[in-house]
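Heads up: the structure comes next, in structure tokens.
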């Protein structure tokens, strides 16, 4: 399909992972295993699905992986909102990660629509 490293959304997904790892590291001890692991997994999934989907043979396959990436971004948004509401990590770490998670969602949606349009 295409080189995923050239996609702006992939680059931002890489930034998101770093931001989320900082949030996960700042969680209190009682959340370092469960919630931290879920945060990291969802964040890594955003970029991983973009990369994997870009290597698939058809636009339909690529869209399926982009949709999974979007689902992970929404899951991550919820988890970060939980961190913010429950004050589990410093706002100075949570807010930028939350903003990035929200930023990637419309970008993924637009990319899905563009890829679908090319497939029609």
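Any residue at all in the stretch 94-110 that's out of contact with any helix residue (DSSP H, G or I) (no Cβ under 7 Å at 6 or more places or on another chain) and farther than 26 Å from residue 24 by Cβ?
yes
Only one residue in 95, 37, 74 is at pLDDT 95 or above and farther than 27 Å from residue 112 by Cβ, so which one is that?
Result of the check over 95, 37, 74: 37.
Does residue 70 qualify as being assigned to a helix (DSSP H, G or I), touching a helix residue (DSSP H, G or I) at 6+ places or on another chain (Cβ under 6 Å) and surrounded by fewer than 23 Cβ atoms within 10 Å (Cβ to Cβ)?
So residue 70 fits the description; yes.
Return the total of residues in the stretch 80-95 being closer than 20 Å to residue 109 by Cβ and either part of a loop (DSSP other than H, G, I, E, B) or touching a residue at least 24 places away in the same chain (Cβ under 8 Å) (or both).
1
Out of 13, 24, 43, which single residue is surrounded by 15 or more Cβ atoms within 10 Å (Cβ to Cβ) and over 16 Å from residue 104 (Cα atoms)?
Being surrounded by 15 or more Cβ atoms within 10 Å (Cβ to Cβ) and over 16 Å from residue 104 (Cα atoms) holds for just one of 13, 24, 43, which is 24.
Quick test of your reading of the structure: residue 19 fulfils all but one of (1) within 30 Å of residue 118 (Cβ to Cβ); (2) part of a helix (DSSP H, G or I). Name the failing condition by number.
It fails just one condition, (1).
Could you tell me whether the stretch 41-55 includes any residue that is in contact (Cβ under 8 Å) with a residue 24 or more places away in the chain and part of a loop (DSSP other than H, G, I, E, B)?
Looking through the stretch 41-55, at least one residue is in contact (Cβ under 8 Å) with a residue 24 or more places away in the chain and part of a loop (DSSP other than H, G, I, E, B).
The values are calculated or read from the model by the stated rules, or taken from the named source; none is laboratory data. Just so we're clear, the structure is a prediction, and the values are computed from it rather than from any experiment. So basically every Cβ, Gly included, is an ideal-geometry build from the backbone, and we count neighbours across all protein chains shown.
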